[in-house]
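Down below is the structure, laid out as structure tokens.
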Amino acid sequence: MSDEEKKRKYIEEVFKYCKTDSILVIQKSGQLQRLYCPFEVVVIQDVGELYKGLICLVNAVKLDISLIDVYIIRDKAYYFFNFRVLQRK
């Protein structure tokens, strides 16, 4: 089995338990919380059409073939590390 086939199989396994409509975050108290889409993020570095400081809504969460989380914002895919999740109160 090739490396790409292994990654695809891993992604299939992950999505048996995880959905594309939410993420899990660890609160300051240490508790795990599920945030459902759409959730707010702030751009921490310019990426594509998005500029630093812009608040956006994430409509879905996916994995790319390199197993990196991708946020779907305005119908485009962006790597998660370009954003900080804003907690709802």
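With an 8 Å Cα cut-off and a minimum separation of 6 or more residues, compute the relative contact order for the chain in percent.
Working: 136 pairs, mean separation 21.6, N = 89.
Once divided by the residue count of the chain, the mean separation gives 24 percent.
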F80 paired with I44, simple spin-label distance in nm, labels 7 Å along Cα-to-beta-carbon: 1.2
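Report, for the chain, the % of DSSP beta bridges that are antiparallel, rounded to 5. Before the final figure, lay out the partial values.
Values: 21 of 21 bridges.
So the antiparallel bridges in the chain amount to around 100 percent.
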Would you compute the Debye intensity of the chain from its alpha-carbon atoms alone, equal scatterers and no solvent, and pass along log10 I(q)/I(0) at q = 0.14, 0.15, 0.20, 0.26 Å⁻¹ to two decimals? -0.54, -0.62, -0.98, -1.32
Restricting to lysine pairs 8 or more places apart or on different chains, what number in the chain have Cα atoms under 29 Å apart? 28
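Bear in mind that the values in this text are calculations on the coordinates, not laboratory data. Treat the numbers as computed from the prediction; the structure is a model and nothing was measured. When we count neighbours, we look across all protein chains shown, and the Cβ atoms used for this are built from the backbone with ideal geometry, even at glycine.
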